[in-house]
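Q: Here's a structure for you.
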Amino acid sequence: MIAKLKTWAAIAGAFVLALVAAFWRGRAQGSATAQSTMKQKDAANAREIEDRADAARAQPVADPVERLRASGRIRD
């Protein structure tokens, strides 16, 4: 009787442990996905800023403030 109880307790414990492990693994994968998405958005934002800065530098105006104003980067 006690041997059966120990067996069932061991099976239940293993099942609970498997559920907890699956939960933590899912959380870790979700976190990694979120971090990857944020890195991609950050890289895209950096490229956009760099492209706008390049466009501002390409303007034929000598004054840097006027160059930024002409490219739409400064609001007066």
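The values are calculated or read from the model by the stated rules, or taken from the named source; none is laboratory data. What you see is a predicted model, and the numbers here were worked out from it, not measured in a lab. Accessible surface areas use protein heavy atoms only, side chains included; no ligands, DNA or RNA. Shrake-Rupley method; radii C 1.70, N 1.55, O 1.52, S 1.80 Å.
Q: Can you tell me how much longer the chain between V20 and D51 gets when fully stretched, taken as 0.36 nm per residue apart minus their C-alpha distance, in nm with one decimal? List each step's numbers first, then the result.
A: Numbers: separation 31, 0.36 × 31 = 11.16 nm, distance 4.66 nm.
Result for the pair: 6.5 nm of gain on full extension.
Q: Search the structure for amide H atoms under 5 Å from the amide H of I74, placed 1.01 Å from N in the peptide plane, and list their residues when 5 or more places away or on another chain.
A: R69
Q: So what's the projected area for the chain, the Cα convex hull averaged over all directions, in nm²? All intermediate terms of the calculation are to be shown ahead of the outcome.
A: Values: hull surface 29.0 nm².
Value for the chain: 7.3 nm².
Q: Carbon-plus-sulfur fraction of the accessible area of the chain, 1.4 Å probe, in percent? Don't jump to the answer; show the numbers that get you there.
A: Working: 4180 of 6700 Å².
That fraction is 62 percent.
Q: Send over a whole-number figure in Å² for the accessible area per residue of the chain, probe 1.4 Å.
A: That works out to 88 Å² per residue.
Q: Per DSSP helix of 4 or more residues, -39500 (n - 2.57); summed, then divided by the residues of the chain. What does that give at 222 nm, rounded to the nearest 500? Provide the component values of the computation, followed by the final result.
A: On the way: 2 runs with 64 residues, N = 76.
Computed mean residue ellipticity for the chain: -30500 deg cm²/dmol.
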